[in-house]
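Here is the structure we will look at.
The values are calculated or read from the model by the stated rules, or taken from the named source; none is laboratory data. This structure is a prediction, so every number in the text was calculated from the model and none was measured. Cβ atoms come from the backbone with ideal geometry, glycine included; neighbour counts cover every protein chain shown. In case anyone asks, the SASA skips ligands and DNA or RNA and just uses the protein heavy atoms, side chains included. Shrake-Rupley method; radii C 1.70, N 1.55, O 1.52, S 1.80 Å.
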Amino acid sequence: MCGIVGYIGKKESLPILIDGLKRLEYRGYDSAGIAIQNGAIQNYKSVGKIDQLEKKIKGIDLFGNLGIAHTRWATHGAPSEENAHPHCDCEGKIWIVHNGIIENYQKIKEELQIEGHVFASETDSEVVAHLIEKFYKGNLLEAVRLTLGEIIGAYSLVVFHKDEPGKMVAAKKGSPLVLGLADDGIIVASDVTAIIRQTRNVIYLEDGEIAFFENENFKILNFNNEEKEKETQKIEWSLEELEKKGYSHFMLKEIFEQPNCIIDSLRGRLIPSEGKAKLGGLDDDVKNLSEIDNLAMVSCGTAHYASLIGEYMLEEYADIPSKASVASEFRYRKQLLNKNTAVLALSQSGETADTLAAIVEANDKNIFTLGIVNTVGSSIARATKAGVYNHIGPEIAVASTKAFTSQVTILTLLTLFLGRMKNMSLATGERIIKELNKLPSQIEKILKNEDEIKRIAQKYYKVSNFAFLGRKYNYPVALEGALKLKEVSYIHAEGFESGEIKHGPLALIDENFPSFFIIPQDSVYEKNLSNVQEIKARGGKVIAIATEGDEEIEKIVDDVIYIPKTLEMLTPILSVIPLQLFAYYVACLNGRDVDKPRNLAKSVTVE
Ligand code: F6R
């Protein structure tokens with residue numbers, strides 16, 4: 001995720017900015033840049049690690065006690081020097097760093113271009129510098145305030161102007177920003193990790209606040225220019241605790257990030273009044289997409305399980321015959337693809353070798369290729385003809401969690417997008433959008449039940465084998481639950497279609513072989529209930545993931561974790577959360593290296 005550092009004060013800004021950028025490295029990034037004010041502006045950017053930026057500025061006399069710096073994790077436009085921050089206006093006077101997404105940037109950019117502004121990057125962020133330029137009448141603070149009135153989306157910003165030395169402005173809405181109050185100056189950053197080497201006294205900006213700095217002094221205002229009193233806090237955490245935001249592992253942090261990830265994946269992509277999804281990355285290919293009569297999905301591991309959920313959605317709601325294949329199998333099997341087939345790759349890293357190879361092969365056969373990818377500018381993102389980004393920031397834990405729920409969210413958007421071009425009614429589209437918007441608070445509710453899930457983990461963590469069972473939309477969740485448990489806890493676990501157990505797996509069941517049963521109140525509830533009884537009749541223990549208010553299930557099973565009611569197609573986004581937490585706690589109780597399980601790599605770049 002992008003990172004911001006700014007400094008204004010008595011010291012040289014460069015070492016503070018570079019140190020701050022290094023502290024933000026753990027968040028993931030693909031390029032970095034710096035701009036320092038000392039009468040003239042010195043600006044340097046580079047693709048890759050901070051070391052590259054350091055190499056670039058080595059030997060250059062870079063001085064000045066006001067500067068801004070940024071690590072970028074690409075969202076709009078590939079990782080490149082042009083797209084790296086800081087960005088500036090046409091005259092190179094106004095310099096900005098931005099985190100977040102400007103949803104209406106396209107419209108603003110077009111208007112500014114008509115007015116004669118020339119853009120140097122493909123980013124959404126650059127419009128901020130040009131808007132400030134448009135509004136600037138000798139007062140930077142006022143120009144920033146007017147700009148904030150125009151932009152829609154989430155942002156944290158830091159800005160300075162060549163003609164206003166010793167002044168800097170920062171603003172926040174929906175993306176974090178914190179001020180560090182050192183003896184000799186102020187550090188402003190997107191994350192306290194970038195600050196604590198200089199000071200532990202901080203002020204957190206809230207949404208709708210602007211900080212105005214003049215040398216070592218500052219004031220905090222709301223967007224109406226009214227000054228606000230703010231409390232200074234003392235940071236007691238260690239650097240490592242801060243990187244994990246106080247969570248004991250990245251996996252837990254990423255599980256808890258999911259409500260925000262859903263918001264970020266949906267941001268600016270829904271048109272509620274038309275019951276439609278707006279997917280910028282597919283806009284140029286609407287004609288191709290409207291002609292598609294079958295979809296082949298390729299991916300691996302967790303991404304493959306998300307694509308299996310996509311199969312059900314796309315067939316039920318968009319009337320598109322869909323087949324999800326593991327990428328390493330897809331390649332070695334005869335593919336009956338035609339000119340109306342699209343091949344869709346799903347990948348968090350965008351670098352998985354088998355998925356990439358499947359896309360390259362489809363491209364060679366002139367089949368239209370699409371991607372649902374988290375890492376902008378990655379190999380799969382570049383190889384596919386069109387696509388949708390997840391926008392959930394880097395996933396650091398090896399075990400994928402937030403990527404899964406985001407992939408299912410984007411598949412729902414794709415289903416809406418394609419479905420509304422075909423037979424999906426306005427009412428159905430509206431209903432899906434309404435339920436999608438409820439998901440973040442529903443996930444929060446499940447996460448609040450963490451202690452109960454921890455209690456269940458304590459009860460079962462010594463067990464050697466587990467079954468995970470589900471039907472229809474929740475069969476892939478059973479597979480994902482089993483994968484999560486085995487990869488982080490090293491406990492044997494298998495996922496089954498619940499209807500299949502009587503065809504063999506039931507032989508495994510006894511009092512030492514418990515089953516997780518994903519049994520929401522959906523169209524297959526009664527069928528699932530019979531399967532639960534089959535297990536109970538053989539002395540098997542059952543932990544159910546059930547819909548809130550289902551009191552019947554409590555009487556039958558051993559433990560229940562409740563999830564809120566949603567549309568059947570969206571249940572996987574909720575039902576997977578307790579399974580992620582269960583796997584996490586079982587792994588911890590067994591003393592496993594949760595974020596880096598043995599024998600596994602985050603990005604599998606070998607076939
Ligand atoms: C499981 C896991 C892996 C990945 C798989 C695909 O927790 O992380 O199964 O899902 O290696 O990776 P991406 O999505 O990067 O292509």
Checklist entry - Share of antiparallel DSSP beta bridges in the chain, in percent to the nearest 5? => result 65
Item to check | Accessible area in square angstrom per residue, the range 285-348, 1.4 angstrom probe | outcome: 42
Checklist entry - Over the heavy atoms of ILE220, what accessible area does a 1.4 Å probe trace out, to the nearest 10 Å²? => result 10
Checklist entry - Could you give the distance between the Cα centres of the range 133-164 and the range 32-60, to the whole Å? => result 23
Checklist entry - Cβ under 11 Å from PHE513's Cβ, PHE513 left aside: what net charge do those residues give with Lys, Arg +1 and Asp, Glu -1? => result -1
Checklist entry - Which of the lysines could be linked to LYS228 by a straight reach, that is with a Cα gap under 23 Å, when you skip same-chain ones fewer than 8 residues away? => result LYS167, LYS172, LYS173, LYS219
Checklist entry - Which length gain, in nm to one decimal place, applies between ALA353 and ASN465 when the Cα-Cα distance is subtracted from 0.36 nm times their residue separation? => result 37.2 nm
Item to check | Solvent-accessible area per residue, Å², over the range 64-192 with all protein chains present [probe radius 1.4 Å] | outcome: 32
Item to check | aspartates and glutamates whose Cα lies under 20 Å from that of LYS56, excluding same-chain neighbours fewer than 8 positions away | outcome: GLU12, ASP19, GLU25, ASP30, GLU81, GLU82
Next on the checklist: Can you give the local net charge around LYS448? Use residues other than it whose beta-carbon is closer than 13 angstrom to its beta-carbon, Lys and Arg +1, Asp and Glu -1.
Outcome noted: -3
Next on the checklist: Could you tell me which residue out of GLN580, HIS503, ASN449 lies farthest along the dipole of the range 449-596 toward its positive end? Charges go on the beta carbon: Lys and Arg +1, Asp and Glu -1, centred on the Cα centre.
Outcome noted: HIS503
Item to check | Share of carbon and sulfur in the accessible heavy-atom surface of the chain [1.4 Å probe, %] | outcome: 47
Checklist entry - Let a ≥ b ≥ c be the square roots of the eigenvalues of the Cα gyration tensor of the range 240-446; is it rounded (a/c under 1.5), or, if not, prolate (a/b larger than b/c) or oblate? => result oblate
Checklist entry - Peptides 292-304, 455-467, 202-214: what's the order by average Cβ count within 10 Å, highest mean first? => result 292-304, 202-214, 455-467
Checklist entry - What is the distance in Å between the Cα centres of the range 247-280 and the range 462-505? => result 26
Next on the checklist: I want the antiparallel fraction of DSSP beta bridges within the range 240-446, as a percent rounded to 5.
Outcome noted: 10
Checklist entry - For ASP283 and ILE60 in the same chain, what is the full-extension length gain: residue separation times 0.36 nm, less their Cα-Cα distance, in nm? => result 75.9 nm
Checklist entry - Structure shown: which of LYS162/LYS230; LYS434/LYS602; LYS438/LYS527; LYS422/LYS565; LYS339/LYS438 lie over 32 Å apart, alpha-carbon to alpha-carbon? => result LYS434/LYS602; LYS339/LYS438
Checklist outcome for this item: Per the C-alpha gyration tensor (a ≥ b ≥ c, the square roots of its eigenvalues), the chain is rounded if a/c is under 1.5, else prolate if a/b beats b/c, else oblate; here it's prolate
Checklist outcome for this item: With only helices counted (DSSP H, runs n ≥ 4, each -39500 (n - 2.57)), the per-residue ellipticity at 222 nm for the chain, to the nearest 500, works out to -11000 deg cm²/dmol
Checklist outcome for this item: Candidate cut points under trypsin sites (Lys or Arg not before Pro) in the range 410-445, DSSP loop plus at most 13 other Cβ atoms within 10 Å of their own Cβ, are LYS422
Checklist entry - Distance from the Cα centre of the range 561-577 to that of the range 403-437, in angstrom? => result 15
Checklist entry - In a shell of Cβ-Cβ distance under 12 Å around VAL408, excluding VAL408 itself, what net charge do Lys and Arg (+1) and Asp and Glu (-1) give? => result -1
Checklist outcome for this item: For LYS55, the lysines lying under 24 Å Cα to Cα, once residues fewer than eight places off in the same chain are dropped, come out as LYS11, LYS22, LYS45
Item to check | Where the range 449-596 is the region considered: accessible area per residue in Å², 1.4 Å probe | outcome: 36
